[in-house]
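*Asks:* Pasting a structure below so you can have a look.
The values are calculated or read from the model by the stated rules, or taken from the named source; none is laboratory data. Computed from a predicted structure; not experimentally measured. Glycine gets a Cβ as well: all are built from the backbone with ideal geometry, and neighbour counts include every protein chain shown.
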Amino acid sequence: MCHPTRRTCASRLSATASILSPPKIPCRLEPVAGTNAMSMFDEILEQVLKAEIALYHARCRLQASTDGEALHDLRIQLRRLRSLLRPLRKIDSVGRLDSAAAAVGNLTVPVRDLEVLINELEQKGYRELAASRQAALRASVERVLQSRALAILFAELDEWPRSFRAERMAGKARNLGKLISKRLDRQVQQLAQALGDPKYDRHKLRILAKHARYMIDAYPRQAAVSQQAVRSLKTVLSALGTWHDLSQWCLKAASERDLQPLLAGWQKASISALQDAEAEILRLRLNLGHDSGSAHEHRVSRDPLLPVPISA
């Protein structure tokens with residue numbers, strides 16, 4: 001059973017017909033008195049609350065072992081949360097919450113890697129190899145659920161709105177839009193520079209691209225990036241993700257002898273996947289180069305409170 005500590009989130013989750021279905025998100029917060037539109041401050045509050053509810057939901061699914069996507073969804077929500085927070089980390093409460101989310105993200109990396117490997121083994125027909133790793137996966141998931149890092153994250157989420165409002169009252173949370181735009185521009189510039197360097201480590205490039213993609217999703221109005229570049233960015237991430245998984249499995253096969261029968265196939269697929277990724281990297285570089293010349297004419301035209309659906 002799921003026992004959230006926060007009553008508001010618990011009541012919203014209990015209203016959900018089934019924990020297999022996404023929780024119903026409440027209506028938008030009311031605009032600040034005297035304004036016609038929601039302020040950036042309130043938009044951020046709302047989006048963090050949505051991420052919190054989704055994290056509670058994913059934790060419930062993990063605890064109940066309802067499906068095989070719960071851990072993946074937990075990690076997606078962590079990335080969305082951190083993308084919202086990343087431009088504002090110099091604000092004390094934001095920095096604390098971001099650190100708590102990062103700790104859980106780091107804790108779940110090897111667990112998710114094992115889960116993905118098991119799925120690959122099952123798809124390739126190596127069911128015995130997959131089954132032999134299921135116990136380790138269950139134990140790893142349980143360690144995450146019982147971890148101090150996860151408890152700290154939910155405690156920080158519970159406290160954060162009050163702290164963030166107090167910082168705003170004290171004048172420590174001003175000019176949020178400018179801070180976000182500045183960080184977004186820097187993130188995209190870093191990615192563009194890395195794309196232009198053929199020697200730049202492709203694993204690090206994947207992380208840079210992921211940070212840029214999620215931050216654009218979080219703040220589309222501040223993102224001076226065309227829709228074409230956004231689509232290209234997603235394609236690059238998919239290609240690099242495929243290559244990353246294959247390269248990780250090749251490394252696993254070097255230390256886990258029962259995986260040796262799959263090594264040759266993974267090596268061949270890894271080479272092909274990297275070639276595909278390089279072609280997409282060139283397209284993204286060209287798209288971002290075009291955007292730099294017309295940044296304000298091609299902003300992402302999407303409601304900032306409706307994030308782009310994220311695929312695996």
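Yes/no matrix, rows are residues, columns are (1) in the same structural domain as L81 (by TED's automatic domain parsing); (2) assigned to a helix (DSSP H, G or I); (3) of a type in the set (D, E); (4) closer than 23 Å to A51 by Cβ:
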position: A192; (1), (2), (3), (4): no, yes, no, no
position: A212; (1), (2), (3), (4): no, yes, no, yes
position: M215; (1), (2), (3), (4): no, yes, no, yes
position: S247; (1), (2), (3), (4): no, yes, no, no
position: A253; (1), (2), (3), (4): no, yes, no, no
position: D258; (1), (2), (3), (4): no, yes, yes, no
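*Asks:* Residue pairs, Cβ under 6 Å, 6 or more apart or interchain, first in the range 219-248 and under 30 Å from N175 (Cα atoms), second among the hydroxyl-bearing types (S, T, Y). List them.
*Replies:* Taking only residues 6 or more apart or on different chains, the pairs are Q222/S181.
*Asks:* Right, another one. Go through A229, A223, A264, A312 for me and flag whichever is touching a Lys or Arg at 6+ places or on another chain (Cβ under 7 Å) and either at pLDDT 95 or above or not assigned by TED's automatic domain parsing to the domain that holds L49 (or both). Outline the logic, then answer.
*Replies:* Numbers: A229 fails: touching a Lys or Arg at 6+ places or on another chain (Cβ under 7 Å); A264 fails: touching a Lys or Arg at 6+ places or on another chain (Cβ under 7 Å); A312 fails: touching a Lys or Arg at 6+ places or on another chain (Cβ under 7 Å).
A223 is the lone residue from the list that is touching a Lys or Arg at 6+ places or on another chain (Cβ under 7 Å) and either at pLDDT 95 or above or not assigned by TED's automatic domain parsing to the domain that holds L49 (or both).
*Asks:* Among the numbered conditions (1) buried (at least 22 other Cβ atoms within 10 Å of the Cβ); (2) of a type in the set (D, E, K, R); (3) at pLDDT 95 or above, tell me where R202 comes up short.
*Replies:* In the conditions (1) buried (at least 22 other Cβ atoms within 10 Å of the Cβ); (2) of a type in the set (D, E, K, R); (3) at pLDDT 95 or above, R202 misses (1) alone.
*Asks:* What are the residues in the range 163-183 that are at pLDDT below 90 and aliphatic (A, V, I, L, M), if any?
*Replies:* Hit for the range 163-183 is A173, nothing else.
*Asks:* Quick one: L129 ticks every box in (1) touching a residue at least 24 places away in the same chain (Cβ under 8 Å); (2) more than 30 Å from A70 (Cα to Cα) except a single one, so which number is it?
*Replies:* Going through (1) touching a residue at least 24 places away in the same chain (Cβ under 8 Å); (2) more than 30 Å from A70 (Cα to Cα) one by one, L129 breaks only (2).
So that you can scan it fast, the table gives a plain yes or no per residue for (1) charged (D, E, K, R); (2) crowded, with 18+ Cβ neighbours inside 10 Å:
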residue	(1), (2)
R75	yes, no
S83	no, yes
G95	no, no
E115	yes, yes
I118	no, yes
Y126	no, no
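*Asks:* Can you pull out every residue in the range 134-155 that is touching a residue at least 12 places away in the same chain (Cβ under 8 Å) and over 16 Å from S65 (Cα atoms)?
*Replies:* S147, A149, L150, I152, L153, F154, A155
*Asks:* Additional query: Checking S181 against (1) within 21 Å of the chain's Cα centre (by Cα); (2) closer than 18 Å to C60 by Cβ, which test does it fail?
*Replies:* For S181, the exception is condition (2).
*Asks:* Within the range 1-103, which helices (runs of 4 or more DSSP H) (wholly inside it) include 2 or more residues that are modelled with pLDDT of 50 or more and acidic (D, E)?
*Replies:* Once the helices (runs of 4 or more DSSP H) in the range 1-103 are filtered for at least 2 residues that are modelled with pLDDT of 50 or more and acidic (D, E), what remains is 40-64.
*Asks:* Checking the structure you have, find out if any residue of the range 175-190 is surrounded by fewer than 15 Cβ atoms within 10 Å (Cβ to Cβ), part of a helix (DSSP H, G or I) and of a type in the set (S, T, N, Q).
*Replies:* yes
*Asks:* Counting just the residues of the range 157-174 that are of a type in the set (K, R) and in a helix (DSSP H, G or I), which one comes out farthest from Q222 (Cα to Cα)?
*Replies:* Restricting attention to the range 157-174, the residues satisfying the condition of being of a type in the set (K, R) are 162, 165, 168, 172, 174.
From what is left, the residues that are in a helix (DSSP H, G or I) are 162, 165, 168.
Numbers: R162: 26, R165: 22, R168: 21 Å.
Among those that are of a type in the set (K, R) and in a helix (DSSP H, G or I), it is R162.
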